[in-house]
1. Please give the Cα centre distance for the stretch 232-297 versus the stretch 593-665, rounded to the nearest Å.
2. So, for the stretch 2-67, what is the accessible surface per residue at a probe of 1.4 Å, expressed in square angstrom?
3. What is the packing order of peptides 76-87, 313-324, taking the mean over residues of other C-beta atoms within 10 Å and listing the highest first?
4. Across bins of 10 angstrom width beginning at 0, how are the C-alpha pair distances of the stretch 2-67 distributed, in whole percent?
5. Rounded to the nearest 10 degrees, what's the angle between the helix 443-452 long axis and the longest principal axis of the chain, both from Cα atoms, 0 to 90?
6. Once phi is turned into θ = phi - 60°, what whole-Hz ³J(HN,Hα) does the Karplus curve with 6.51, -1.76 and 1.60 give for every residue of the stretch 208-220, x standing for Gly and Pro?
7. For the chain, find the longest principal axis of its Cα atoms and tell me its angle to the long axis of helix 111-121, 0 to 90°, nearest 10.
8. Using a 1.4 angstrom probe with every protein chain in place, what is the largest-first accessible-area order of 664, 29?
Amino acid sequence: SIEDIRDVRSGHKTEGMEKYAKDVPEYRCFSIIFKDQRKNLDLIASSEDDANHWIAGLGKIIAHSNSMNQKQKLQHWIHTCLRKADKNKDNKMSLKELKDFLKEVNIEVDDYHAKKIFQVMGASRRREDPGGVEIRLGIHRLRCMSALAVVANTSSAVCAVWGFLSVYLAAKRGNAMTKDGFLMYLLSDEGNIFNPSHRKVYQDMTQPLSHYLVSSSHNTYLMEDQITGPSSTEAYIRALTKGCRCVELDCWDGPNSEPVIYHGYTLTSKILFSDVIKAIKNYAFKTSPYPVIISLENHCSVDQQKVMAQHMTTILQDMLLVAPVDGNKSQFPSPEQLKGKILVKGKKLSRQEDPINGNNNLEAEDVSDEDEAAEIEDESVKTKVEQKGKSDTLKLAKELSDTVVYCKSVHFEGFDDPNHPRAFYEMSSFSESKALKLAQESGTSFIHHNIRHLSRIYPAGWRTDSSNYSPVELWNVGCQIVALNFQTAGTEMDVYQGRFQDNGFSGYVLKPEFLRDEQTKFNPKSITEGTWGTKKKLLLKIISGQQLPKVNKSKNSIVDPKVTIEIHGVQQDNNKKQTKVIENNGFNPNWNEEFTFDIEIPALALVRFVVEDFDMSTKNDFIGQYTLPFMSLKQGYRHIHLLTKNGDPYSSSTLFVYVNIQDCD
């Protein structure tokens with residue numbers, strides 16, 4: 001389906017093309033990139049004209065698909081379902097095909113009601129097929145049917161359809177707003193639950209870099225697990241186009257004096273460092289203009305470190321930040337000042353302690369080593385680490401050291417002594433367990449540390465399956481670079497992308513004032529009175545669902561949807577409530593259930609809506625979800641446009657809800 005295509009790239013722009021089509025002229029090559037985890041489709045045309053036809057043609061169709069309004073998407077969805085049901089492709093629909101169609105759109109209908117709907121839709125007047133229904137007529141009328149007020153059972157649906165068709169036609173003639181038109185208004189951006197003004201950058205982007213949460217990826221090169229999965233430049237492209245602003249490169253000596261990237265001590269495949277830098281250059285600023293941080297974990301020899309520095313300098317050119325941007329030597333520059341720049345996070349020679357005030361001529365020196373791969377809880381990895389003989393130091397080349405300006409990696413030795421504060425550009429990495437322990441035991445101190453310094457958090461060594469941890473607890477203490485495995489779908493990534501859709505999907509979200517104030521006494525583990533914002537009461541009414549997708553591919557399976565509402569925030573705010581199950585209706589399930597939530601710290605809370613297909617005997621199947629910051633909620637009657645497991649929007653699957661927010665006394 002066109003809807004499954006993310007991008008069409010001309011030339012040798014994928015690893016497959018680079019590897020297998022180097023001898024074919026670029027002008028004959030193009031690749032189709034898909035939204036989910038499917039492999040790219042690399043294609044070679046017979047001529048340049050042929051390739052251009054395909055690229056331009058697909059581009060136009062994709063652009064048209066992306067620009068469709070909700071009414072057109074709904075029409076397209078119904079048209080697609082009708083086409084699937086029209087097995088003999090005669091452009092008409094028999095009673096059996098109608099029943100198949102209703103199953104396709106997730107409605108359970110018995111024979112009696114199927115015949116009723118068949119009659120309501122209108123029999124074809126064509127003599128050669130007196131029992132059929134014309135598909136075009138079906139499309140038109142079923143669009144009307146979808147606009148009906150949601151009804152509780154099939155028999156009332158039939159009556160409602162019959163009554164609505166006559167009202168619809170009268171309204172069309174009288175130039176009044178139909179229910180169809182009203183529904184489309186509610187489905188527009190005006191009726192979205194997410195505040196449309198937050199779709200653009202609206203926050204102050206002139207604060208120091210350490211005052212923002214930064215969308216960050218862990219072991220960005222991996223497509224799957226941490227032990228045997230493939231490494232790929234495509235993983236960097238995917239992360240950057242999802243708004244990621246901090247990517248990780250684990251660098252090791254490779255053949256022919258060319259450094260490679262892979263997960264050390266494991267069987268993950270290797271990719272060239274230079275190819276990754278090229279991918280970063282090409283995609284760093286397609287989604288957001290704000291700075292990208294390259295987080296280097298360096299295991300290379302001095303000679304190959306020099307090659308790394310040379311590649312970054314020659315490929316990135318003036319994108320690479322190699323000198324301070326202004327005269328302020330006591331705090332970070334802002335994302336605004338660093339627009340279009342790529343920063344390197346890494347080790348710095350000890351005699352170059354002050355990257356802000358220039359470097360000396362030292363050629364190389366031992367520095368402390370940071371080896372996250374050695375922390376992996378896997379027996380084969382542990383054996384290799386022991387065989388290698390892990391060293392606590394690494395010889396660092398001056399050329400690589402010189403690429404580090406604002407993000408000097410240091411071991412964490414405890415929070416600052418106020419009398420002898422560390423330089424602001426020194427930053428530490430913490431495993432999730434160490435960071436959570438600090439958040440639990442020293443929340444306020446951690447917040448103060450994160451006002452001036454950057455902190456990077458990475459997943460625990462036992463997460464060899466690339467599972468993720470919740471980022472929320474660490475955001476609550478102001479940790480900026482909370483790195484997740486972007487390749488792994490699930491609640492954690494949903495919450496992550498929900499947080500970063502705010503502020504124009506720029507990859508930078510300004511922390512609340514109480515996480516930036518040097519006098520703050522805020523502690524998420526022990527909330528007392530303070531300037532953390534007014535407590536809120538959230539009332540949510542889950543009214544109905546529209547056009548939920550089939551998740552079980554069996555033709556006769558109809559979803560039994562239920563909705564769960566989750567609050568993610570400080571411990572007191574974390575909550576979860578769910579609706580009843582609606583049996584055998586994914587087309588227009590109707591819940592009409594109200595829920596209330598007390599929100600202590602609105603600025604730190606996120607709301608997640610999850611729709612599942614209930615199964616009494618096995619785990620519920622995921623249907624769709626949508627997550628957004630509490631502060632981005634719009635009140636009133638709203639539609640929620642559901643996302644797939646991988647975070648892509650469904651074309652026409654929605655929830656209809658009512659939102660009311662009140663101040664608590």
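The values are calculated or read from the model by the stated rules, or taken from the named source; none is laboratory data. Quick caveat: nothing in here was measured; it's all calculated off a predicted structure. For neighbour counting, all protein chains shown are included, and Cβ atoms are generated from backbone atoms with ideal geometry for every residue, glycine included. When the accessible area is computed, the model is the full protein with side chains, heavy atoms only, and any ligands, DNA or RNA have been set aside. Shrake-Rupley method; radii C 1.70, N 1.55, O 1.52, S 1.80 Å.
1. 34
2. Numbers: 4190 Å² over 66 residues.
So the stretch 2-67 comes to 63 Å² accessible per residue, rounded to a whole number.
3. Working: 76-87: 17.8, 313-324: 15.2.
So the order, starting with the most tightly packed, is 76-87, 313-324.
4. 23, 51, 24, 2
5. So the helix axis and the longest Cα principal axis differ by about 70 degrees.
6. Here the 3J(HN,Hα) series is x, 3, 6, 8, 10, 6, 10, 5, 9, 10, 9, 6, 4 Hz.
7. 90
8. Working: 664 40, 29 0 Å².
Correct descending sequence by accessible area is 664, 29.
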